[in-house]
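Novice: Questions regarding the structure given below will be posed in turn.
The values are calculated or read from the model by the stated rules, or taken from the named source; none is laboratory data. Being a predicted model, the structure only gives us computed values, none of them experimental. For neighbour counting, all protein chains shown are included, and Cβ atoms are generated from backbone atoms with ideal geometry for every residue, glycine included.
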Amino acid sequence: MKPRLLRRSGCALLFVLAVTATGCGSVSRTATAAPIPTDAATDKPTDRPTDVPASPAATPLATGSGSEADLATFARIESQVQAIRGLKSTTTVTPVLLDPKGLTAKLTEINAAQTDHQAMAAESRLFIHLGLLPAGSSLEKMELDLDSSQVIGFYDEISKGMYVLSDTGGVGAVEEATFSHEYTHALQDQNFGLAKLALDTPDQGDRDMARRTLVEGDATLEMSMWEQQNLSFGDLVSLALGSASGTQAEQLAAAPAILRDTLLFPYTQGLAFVQAAYLDGGWSAIDKLYANPPDSTSQILHPELYAAGVKPVALNLPVIPASMASTWTLATQDTMGEFELGVWLAGDGTSDEQKAAAEAVAAWAGDRVGLYEGPNGAWAVVLRTQWRPEAGAGAAFNAAADKRLAVLAYPSSACGDATHEEIVIASDMAVTPNFSDCKSWP
């Protein structure tokens, strides 16, 4: 249930991240960079290898990629990133500079080629029925529009292409910082194989989000270090002033919470997650995460669960009754996860409501949501959840869910106990009993 376009477009960098992840310390509006461990004698990072060779000889820049001077700049940054991150390059990556129209065109092209449009349409309807999007919305179009306004660079792990936004056609501090972030993704791919993470499994949205969070947190931490070591004070000021217009921030703030928050989560929470590993064991500790990647956003939000190996519980959705099997289908199903369930409970609420929603889902153990569709526009959404056996965990979610259901425009029913909850939202109250199965579940 996570935005497909950004994931399918590869590992991207957002405007708000590039202009704030500077040596000044703040990495985003909601996450702060921890101090980088240093050697007392040299005042240099303790986990920075010195024997990483320069990247392979660069090939001529592609059309639209800038001048030979830009090529030299990218080659320099490649060597710097390899030294900081401690990973060797095995394949040359030639970045392509694009103006805003060009970047939008490239995102549109990749979206058209790599996105399951029918699945996205079904996900749009699911989001609408849950009250996460306005009626008639196209999730695919909204994501494409938002990404076109926010993404300033991305590495496409499918084509291995790298693209950097440049309004002027030149390379300045923002473009350099963006390239350092995206080049880290290329190194991740070459050394660990991003495909092995299964970042875009159709019905495993929460797991996808958790693993994408590892990838983006890693690159954001590297970028922060690169900026601290390689940008001048004037460059840092330039980055800070880059956000002065506020256009991108306004567009982000105007987006529905489900798009805005899931767009930011991999960077803000990812940075916190990988920083904890870095402070514990340096880059080698982060490298080990790729061999045992997180399986849920709950593990990201509560690293102690990841450390303890607490995996999410797999839940099943109800079977369509035999009497309806010929006319009803399960259009889409997924796992929302702790983070996205919190977004659903909070909606576009205040910070206090968002905090309360996060607390209500803090004991998440597993969930499954599905959209069933039948004749004449009939539909039903079933959400099943399981909660860790902590005092009041299930009751806290149940109470918060009841409040959320009360403001939806559709009939609904809910039942559960201390560790389980089943919610059914339907086009008509007469449909609800066909999918409510609390007596036999779990």
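Novice: Output the qualifying pairs, or none if there are none: Cβ atoms under 9 angstrom, residues six or more apart or on different chains, first residue in the range 333-362 and free of Cβ contacts under 8 Å to residues at least 12 places away in the same chain, second residue assigned to a loop (DSSP other than H, G, I, E, B).
Specialist: Here the result reads Glu353/Gly347, each pair linking the range 333-362 to a residue that is assigned to a loop (DSSP other than H, G, I, E, B).
Novice: What helices (runs of 4 or more DSSP H), lying completely within the range 178-259, carry at least 2 residues that are crowded, with 22+ Cβ neighbours inside 10 Å? Steps first, please.
Specialist: Numbers: elements: 205-230, 233-241, 247-254.
Per the criteria, 205-230.
Novice: Which condition from (1) at pLDDT 95 or above; (2) surrounded by fewer than 22 Cβ atoms within 10 Å (Cβ to Cβ) is the one that Ser159 breaks?
Specialist: (1)
Novice: Still on this structure, please answer the following. Does the range 403-442 hold any residues that are at pLDDT 90 or above, charged (D, E, K, R) and part of a loop (DSSP other than H, G, I, E, B), and which are they?
Specialist: Asp428, the sole residue that qualifies.
Novice: Could you tell me whether Val96 is over 22 Å from the mean Cα position of the chain (by Cα), in the same structural domain as Thr262 (by TED's automatic domain parsing), under 27 Å from Gly270 (Cβ atoms) and not in a loop (DSSP other than H, G, I, E, B)?
Specialist: Values: over 22 Å from the mean Cα position of the chain (by Cα): yes; in the same structural domain as Thr262 (by TED's automatic domain parsing): yes; under 27 Å from Gly270 (Cβ atoms): yes; not in a loop (DSSP other than H, G, I, E, B): yes.
Yes, satisfied.
Novice: Let me ask something else about it. Residue by residue through the range 346-402, note down the ones that are of a type in the set (A, V, I, L, M), in a strand (DSSP E or B) and closer than 20 Å to Gly416 by Cβ.
Specialist: Initially, the range 346-402 is screened for residues of a type in the set (A, V, I, L, M), giving 346, 356-358, 360-363, 365, 369, 371, 378, 380-383, 391, 393, 395-396, 399-401.
Then drop every residue that is not in a strand (DSSP E or B), which leaves 365, 369, 371, 380-383.
If the condition is that a residue be of a type in the set (A, V, I, L, M), in a strand (DSSP E or B) and closer than 20 Å to Gly416 by Cβ, then Ala365, Val369, Ala380, Val381, Val382, Leu383 are the ones that fit.
Novice: Where the second residue is surrounded by fewer than 10 Cβ atoms within 10 Å (Cβ to Cβ) and the first is polar (S, T, N, Q) and lies in the range 317-331, which pairs have Cβ atoms under 6 Å and are six or more apart or on separate chains?
Specialist: Thr327/Pro375
Novice: Still on this structure, please answer the following. What number of residues in the range 394-435 are of a type in the set (A, V, I, L, M, F, W, C), in contact with a helix residue (DSSP H, G or I) (Cβ under 9 Å, 6 or more places away or on another chain) and buried (at least 20 other Cβ atoms within 10 Å of the Cβ)?
Specialist: So the count comes out to 7.
Novice: Here's a follow-up. What number of residues within the range 330-366 are crowded, with 17+ Cβ neighbours inside 10 Å and more than 21 Å from Met209 (Cα to Cα)?
Specialist: 2
Novice: Let me ask you something else. Take the residues in the range 249-274 that are small (Gly, Ala, Ser) and touching a residue at least 24 places away in the same chain (Cβ under 8 Å), then tell me which one is farthest from Asp295 (Cα to Cα). Show your work before the answer.
Specialist: Quick first cut of the range 249-274, residues small (Gly, Ala, Ser) only: 249, 253-255, 257, 270, 272.
After this cut, where a residue has to be touching a residue at least 24 places away in the same chain (Cβ under 8 Å) as well, the list is 249, 255, 257, 270, 272.
Numbers: Ala249: 30, Ala255: 27, Ala257: 23, Gly270: 13, Ala272: 17 Å.
Top of the filtered list is Ala249.
Novice: Okay, moving on. Could you pull out the residue among Gly234, Gly246 that is farther than 25 Å from Thr108 by Cα, free of Cβ contacts under 8 Å to residues at least 24 places away in the same chain and over 18 Å from the mean Cα position of the chain (by Cα)?
Specialist: Values: Gly246 fails: farther than 25 Å from Thr108 by Cα.
Matching residue, one of Gly234, Gly246: Gly234.
Novice: Out of the residues in the range 151-177 meeting the condition of being outside any strand (DSSP E or B) and hydrophobic (A, V, I, L, M, F, W, C), tell me which one is nearest to Val369 (Cα to Cα).
Specialist: Of all residues in the range 151-177, those outside any strand (DSSP E or B) come to 157-160, 166-177.
Add one more test, that the residue is hydrophobic (A, V, I, L, M, F, W, C), and what stays is 158, 171, 173-174, 177.
On the way: Ile158: 28, Val171: 45, Ala173: 44, Val174: 40, Ala177: 39 Å.
Taking the candidates together, the pick is Ile158.
Novice: Working only within the range 125-141, note down all residues that are more than 16 Å from Ser427 (Cβ to Cβ) and surrounded by 19 or more Cβ atoms within 10 Å (Cβ to Cβ). Write out each step before concluding.
Specialist: Taking the range 125-141 first, the residues more than 16 Å from Ser427 (Cβ to Cβ) are 132-134, 137-141.
Within the range 125-141, Leu132, Leu133, Leu139, Glu140 qualify.
Novice: Let me ask you something else. Among the candidates Val151, Val171, single out the residue that is among the β-branched types (Val, Ile, Thr), assigned by TED's automatic domain parsing to the domain that holds Val215 and in contact with a strand residue (DSSP E or B) (Cβ under 7 Å, 6 or more places away or on another chain).
Specialist: Working: Val171 fails: in contact with a strand residue (DSSP E or B) (Cβ under 7 Å, 6 or more places away or on another chain).
Only one candidate passes the filter, namely Val151.
Novice: Continuing with this model, one more query. I'd like the residue in the range 167-192 that is of a type in the set (Val, Ile, Thr) and touching a Gly at 6+ places or on another chain (Cβ under 8 Å) and, out of all such residues, is farthest from Gly86 (Cα to Cα). Let's see the steps before the verdict.
Specialist: The initial filter retains those residues of the range 167-192 that are of a type in the set (Val, Ile, Thr), namely 168, 171, 174, 178, 184.
If we keep only those that are touching a Gly at 6+ places or on another chain (Cβ under 8 Å) too, we end up with 171, 174, 178.
Values: Val171: 25, Val174: 23, Thr178: 19 Å.
My answer is Val171.
Novice: I'd like to know if the range 367-376 contains one or more residues that are touching a helix residue (DSSP H, G or I) at 6+ places or on another chain (Cβ under 6 Å) and surrounded by 16 or more Cβ atoms within 10 Å (Cβ to Cβ).
Specialist: We begin by selecting, within the range 367-376, every residue touching a helix residue (DSSP H, G or I) at 6+ places or on another chain (Cβ under 6 Å); these are 371.
Those left that are additionally surrounded by 16 or more Cβ atoms within 10 Å (Cβ to Cβ): 371.
Checking the range 367-376: at least one residue is touching a helix residue (DSSP H, G or I) at 6+ places or on another chain (Cβ under 6 Å) and surrounded by 16 or more Cβ atoms within 10 Å (Cβ to Cβ).
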